[in-house]
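Some notes on the structure that comes next.
The values are calculated or read from the model by the stated rules, or taken from the named source; none is laboratory data. In this text the structure is predicted, and so the values were computed from the model without any measurement. FYI the Cβ positions are ideal-geometry reconstructions off the backbone, even for glycines, and counts take in every protein chain you see.
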């Protein structure tokens, strides 16, 4: 992790790039302390994961998944060892494969701790999202929210309205969106009231002829004041983002991001100038083989020279 020559994490993959094993060294002594193994079906769906929390060769936790014929997940169970089921999750779908209900039962006691349910229009757009949480396992939801959505004829989201209640707060909010003829979002207006305290945010966007976002300008307000920000973006001829300038408070550029790419469009470097003084403070560097597979990644605190993270990959085929 800190470029000390000691491998902190190692992963292996199958020919489909599914993760087969993960090994982690938590204390930097060169010995792996934790190990995970995964198995998959012929479609690449994960069937079982096993965790050896102390790398002693004994499986301490297991996760088991089931799927329907379309590959939609139906159940997921976590076993903490010795046949002790810690949690069970279930999903149901409609005939179009849209998720209808997902439920969580902690400790497998038959009491649903969390439930999320969804409804859809004929085009598959989500119309309602409902959440219920039984925090004290008495069979009644103490935490509840309902969100409703509307769309235009092109399927663009026009409004979202939410109503959330819990023992600690009451939240009501609305988001409204507008678009140009190409479907690019032009404005986003967000109004909410949290326990009778109002807040509001309005954001506008502009684009170039290719649909790349050029500017993002916003203003938010609450009883304590008003806050403004302005972001600008530039791109190369391939549409890859080159720079992002962020102005917090409408008083000049406060933060800058810079991106570079190779001739294939692979990201080579990402740099941050945290205070926009022209001096790079943080840099990420990537390398690739001739097939575009990643070979290395490094995150560097430029000012201190400290390597914060580094990863390497090896490949047995293109």
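Data overview
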| quantity | calculated |
| --- | --- |
| Subset of the stretch 198-224 that is modelled with pLDDT under 95 and surrounded by fewer than 14 Cβ atoms within 10 Å (Cβ to Cβ) - its residue that is farthest from residue 165 (Cα to Cα) | 224 |
| Segments classed as strands (runs of 3 or more DSSP E), wholly inside the stretch 32-95, with at least 1 members that are under 27 Å from residue 117 (Cα atoms) | 46-52, 61-67, 73-79, 85-93 |
| Number of the exception - residue 135 against (1) in a strand (DSSP E or B); (2) at pLDDT below 95 | (1) |
| Check on residue 142, surrounded by 14 or more Cβ atoms within 10 Å (Cβ to Cβ), more than 30 Å from residue 209 (Cβ to Cβ) and modelled with pLDDT of 95 or more | no |
| Any hit, the stretch 290-301, residues being part of a loop (DSSP other than H, G, I, E, B) and either under 30 Å from residue 196 (Cα atoms) or touching a strand residue (DSSP E or B) at 6+ places or on another chain (Cβ under 8 Å) (or both) | no |
| Scan of the stretch 172-195 for residues that are modelled with pLDDT under 95 and within 24 Å of the chain's Cα centre (by Cα), ordered by number | none |
| Leading residue by the ranking (nearest to residue 259 (Cα to Cα)) among those in the stretch 269-279 that are within 27 Å of the chain's Cα centre (by Cα) and part of a loop (DSSP other than H, G, I, E, B) | 274 |
| Subset tally (residues that are modelled with pLDDT of 95 or more, surrounded by fewer than 14 Cβ atoms within 10 Å (Cβ to Cβ) and under 15 Å from residue 231 (Cβ atoms)) for the stretch 250-273 | 0 |
| Only listed residue being surrounded by 13 or more Cβ atoms within 10 Å (Cβ to Cβ) and touching a residue at least 24 places away in the same chain (Cβ under 8 Å), chosen from 18, 70 | 18 |
